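Some notes on the structure that comes next.
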Amino acid sequence: MIPLFEHFPTLAEKLAYVSLGNFPTPAPRLERLGGELGIDRLYVKQDSLSARVYGGNKIRKLEFLVGKALQQHAGEILTFGYAGSNHALATAVCAEQVGLRGISMLLPQPNAHYVRRNLLMGLHCRAELHQRANVATLAAETVQQLLGHKLTTGTFPLIVPPGGSSPVGTIGYVNAAFELKEQILAGELPAPDRIYVALGSLGTAAGLVLGLKAAGLATRVVPVAIVHPSMAGKASLLRLARRTNALLRKLDPSFPSVELAGNEVEIRYEFFGHRYAGFTEEGMAAVSRMYDGEGIKLDGTYTGKTLAALMRDAGDARITGETVLFWNTYNGRDLSAVTDTIDYRKLPACFHRYFEEDVQSLDTSA
């Protein structure tokens, strides 16, 4: 039984859930990197290892979202992202594991090696892949796909928002906070003063902010925005956390009513760069630092920028003497055994350019 259900058994009766991951994820100390940065108590929460086939932070959300799809007898799950969306791929992988099909509605993005890998892996998992040039045309295509699939299968696909960041998906990271508390009580790590985590579609950070307070932990969450500030505002994050809190209390009134104040969350915007998925020199330096020091792979879109924020704060002595946890949301599983065998020309033609054009200059990882 997952920690959230252990503390609130009524939720286990009311919430649809399917086990998709390997939890708890480890939280080892980063001794070498911590020593280099002057942080004696630096740890990493390895959600990169959250599942056997494809890890990362989306698995926790999908345990509840795919559970909902199964409960509603949906045969397909439709979701959104950019061409290399980790969430869209995770949805396709998890859907296939339980006999469903993923449908990915995608927007163009700057090219990178991980975009190629994710597209090929999505194809391997039988995902239906669509790309349109902008939000308006993607919305129109989504309506057509929903109607077409309804006519073909008799039911509409379950619609999952970008990043899986609905209140249902966000519960996955409320549970993660209770999982972390159990690891603290077991002596695996001290209670963190701060958690650094990437902020995109808001659900991971919102779930942690809510879950940590509900679990009685005083840890401060430091979300590092990897999207434009207009898409990752503090008010939106707190709104999602409050909506998730309301859902949990509706299902189980014994779940705490958590007061969330704006000054409790410090969103960092200065590491975003100029566009979504555009790698930055500071972010890629952090990627190299983590791999060279600890052998852990990060990415240039999310986790590299998040670690860059942590590293700068260490250099400015903002976190000296604190216990710091870096929450690794990037998939740590090697996909090459599958993706190296797939001809990209089997993808819809709109995706071929990602394989025929150069990746962005800062992307040196094959």
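Before anything else, pin down the relative contact order of the chain: Cα pairs under 8 Å, at least 6 apart, normalised by residue count, whole percent.
Relative CO of the chain lands at 23 percent.
Compared with the alpha-carbon gap, the fully stretched path from R239 to C350 is longer by 36.4 nm at 0.36 nm per residue. Pairs of C-alpha atoms in segment 229-366 farther apart than 23 Å represent 55 percent of all such pairs. Taking segment 328-366 and a reference point 7 angstrom along Cα→Cβ of D292, the backbone N atoms nearer than 16 Å belong to 364-365. In the chain, the calculated helix contribution to ellipticity at 222 nm averages -13500 deg cm²/dmol per residue, counting -39,500 (n - 2.57) for every DSSP H run with n ≥ 4. Rg over Rh for segment 284-345 works out to 1.13, both radii taken from alpha-carbon positions and Rh defined as the Kirkwood radius.
Taking every full run of DSSP H in the chain, the ones that stretch at least 20 Å from end to end by Cα along their long axis and average -1.0 or higher on the Kyte-Doolittle scale are 135-153, 167-185, 234-251.
The simple Förster model, with R0 at 30 Å and r as the Cβ-Cβ distance, assigns E182 and D343 a FRET efficiency of 0.10. Ignoring solvent entirely, what values of log10 I(q)/I(0) come out of the Debye formula for segment 233-304 at 0.21 Å⁻¹ when each Cα is a single scatterer? Listed by q, the Debye log ratios stand at -0.86. Note on T364, T219, T306, T25: ascending count of other Cβ atoms within 10 Å places them as T364, T219, T25, T306, the fewest first. Distance between Cα centroids, segment 313-366 to segment 1-44: provide it in whole Å. Computed from Cα coordinates, the inter-centre distance equals 22 Å.
When the Cα positions of M311, Y330, L119 are compared along the charge dipole of the chain, L119 comes out farthest toward the positive end, with charges on each C-beta of Lys, Arg, Asp and Glu. The dipole here belongs to segment 131-203: it is taken about the Cα centre, uses +1 on the Cβ of Lys and Arg and -1 on the Cβ of Asp and Glu, and is about 320 debye.
Charged side chains reduced to their Cβ positions (Lys and Arg at +1, Asp and Glu at -1) give the chain a dipole of some 940 debye around its Cα centre.
So how far apart, in nm, are the two label points at R249 and E264 if each is 7 Å from Cα heading toward Cβ? Computed distance between label sites R249 and E264 equals 1.2 nm. Assuming a viscosity of 1.567 mPa s and a temperature of 4 °C, what translational diffusion coefficient in µm² per second does Stokes-Einstein assign to segment 152-226, Rh being the Kirkwood radius over Cα pairs? The estimated diffusion coefficient comes to 96 µm²/s. Within segment 7-82, the proportion of C-alpha pairs whose separation exceeds 21 Å stands at 48%. Here's the list of lysines a cross-link from K150 could span, going by alpha-carbon distance under 19 Å and ignoring same-chain residues fewer than 8 apart: K68.
Computed from Cα atoms alone, the Kirkwood hydrodynamic radius reported for segment 53-168 is 14.0 Å.
Remark: C-alpha extents of the chain on the principal axes read 57, 51, 36 Å, sorted largest to smallest.
Any read-out appearing in this document is the output of simple, stated calculations on the displayed coordinates, not a laboratory observation. No experiment lies behind these values; they were computed from the predicted model shown. Here the Cβ is made from the backbone with ideal geometry for all residues, glycine too, and neighbour counts use every protein chain on show.
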